[in-house]
Amino acid sequence: MKEHSEVKNILICLLLIFFLSGCTQPNATGSIERTLPFSQPSQPATETKVGLVQSTATLPPPETTPTQLATPLPTITNTLMPTLDPMAREEKVKQLLRIDQTCRLPCSMGVIPGESKWIEVEREFSEMGFRWGKPFAARGSEGQLYDTSMGDVSTPFNLGTFMLVNEDLIDGIIIGIAGPDILISAPDYYISNLIQSLGDPSRVWMDSDYREGMPRPVFTFWIFYDERGIAIRYYVIGTLEGDTIKICPKDPNRFEPNPQIRLYGENLYLQHPENPRKLEDLIGITGEKIPNLPDRLDGASGYSIEEIADLTPNEFYRMGSEQNYQECFNTRVDIWGGK
């Protein structure tokens with residue numbers, strides 16, 4: 001369906017905003033202006049910009065009788081005024097992106113999936129200056145998705161969120177964060193720090209569009225913490241070494257020589273630990289599809305970490321978090337190039 005492919009493209013665009021040129025648009029002066037097109041499928045495609053939340057409603061005229069002259073009422077504009085200016089909001093968001101005792105994943109930005117009320121989160125984000133898009137139906141769920149975003153050429157990182165709302169309860173959160181300054185502005189969300197804080201994953205999956213002969217292989221990691229209600233997706237650039245490809249999970253950009261197109265960031269999919277829904281089903285509400293999950297498909301490209309590198313999830317965790325453990329592994333070219 002169109003709406004789900006748009007959501008999928010939004011998430012990919014956000015995660016690759018410093019990698020794919022399609023996520024930037026030149027403005028009238030010729031400079032580059034980054035936009036996050038969180039448009040709603042049921043509406044004409046529009047560009048959502050971070051700023052003041054406004055809604056305009058024209059009240060109908062009162063009923064009249066033959067002896068009463070109808071007096072038209074003025075147009076009333078209701079505005080949710082942000083209490084923070086853009087710089088103060090940026091600092092507030094940096095604070096909210098800290099992972100500590102008050103908010104540990106799957107809690108994020110003060111929002112606890114399965115517990116937080118949408119009406120409160122909507123108000124709090126709006127007061128910070130976020131603008132929410134109109135809701136649209138989530139695939140395979142009775143809930144609705146609301147989106148908002150923060151980021152332009154002046155901010156050190158780009159942030160996009162989807163809230164899955166079911167009867168005023170936030171049932172799931174999808175976050176995309178990307179940018180060259182994540183390690184400085186939101187260090188707890190830098191991938192190696194995330195892996196270190198979360199510990200051993202329950203599953204690690206890899207996928208790639210690599211074909212034999214491509215000089216620059218890019219891989220997707222899917223990391224699952226099923227019992228904690230957390231899934232992470234991020235990209236890694238590999239390097240060809242004969243009949244193998246070298247991959248370093250801890251440093252997604254080790255083999256990228258051009259600092260202008262380096263990949264930083266990830267998507268997080270969060271739900272309450274007691275939610276019986278599979279994490280891949282939460283991922284699927286946006287139209288995403290994880291190759292070969294939950295069942296293997298002939299000709300699909302995804303593999304478990306055990307299959308492609310003979311690594312356990314614990315070894316992957318140690319590789320991604322410990323300073324003195326091996327930081328890279330090799331995978332055979334023919335596994336990926338024969339697709």
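Values in this text are rule-based calculations from the coordinates and carry no lab data. Owing to the predicted nature of the structure, the values given are computational and were not obtained by experimental measurement. When we count neighbours, we look across all protein chains shown, and the Cβ atoms used for this are built from the backbone with ideal geometry, even at glycine.
The residues R277, R211, when put in order of fewest to most other Cβ atoms within 10 Å, stand as R211, R277.
For T239, T83, T155, T148, what's the fewest-to-most ordering of other Cβ within 10 Å of each Cβ?
The fewest-first ordering by Cβ neighbours comes to T83, T239, T155, T148.
Relative protection proxy for 304-315, 103-114, 157-168, from highest mean packing down: 157-168, 103-114, 304-315 (other beta-carbon atoms within 10 angstrom). Look at the dipole of segment 184-231 built from charges on Cβ: of W222, P201, A186, the Cα furthest out on the positive end belongs to A186.
May I ask you to list the residues of segment 187-227 whose amide nitrogen lies under 17 Å from a point 7 Å from Cα along the Cα→beta-carbon direction of R277? Hits in segment 187-227 for R277 at 17 Å: 225-227.
The listed peptides 242-251, 185-194, ordered by packing as a protection proxy, come out as 185-194, 242-251 (highest mean of other Cβ atoms within 10 Å first).
Taking each of K117/K278; K92/K117; K134/K250; K94/K117; K92/K289 in turn, the alpha-carbon distance tops 26 angstrom for K134/K250; K92/K289. Which of rounded, prolate, oblate describes segment 136-180, given a ≥ b ≥ c as roots of the alpha-carbon gyration tensor eigenvalues and a/c under 1.5 marking rounded, otherwise prolate only if a/b is larger than b/c? Here segment 136-180 falls in the prolate category. Rounded, prolate or oblate: pick one for segment 148-231, where a ≥ b ≥ c are the square roots of the eigenvalues of its C-alpha gyration tensor, a/c under 1.5 means rounded, and failing that, prolate if a/b is larger than b/c, else oblate. Verdict is oblate for segment 148-231. For segment 190-293, the gyration tensor built on C-alpha atoms gives a prolate shape. Its axis ratio a/c (a ≥ b ≥ c) is at least 1.5, and a/b is the larger of a/b and b/c. By other beta-carbon atoms within 10 Å, ranking M214, M319 with the fewest at the front produces M214, M319.
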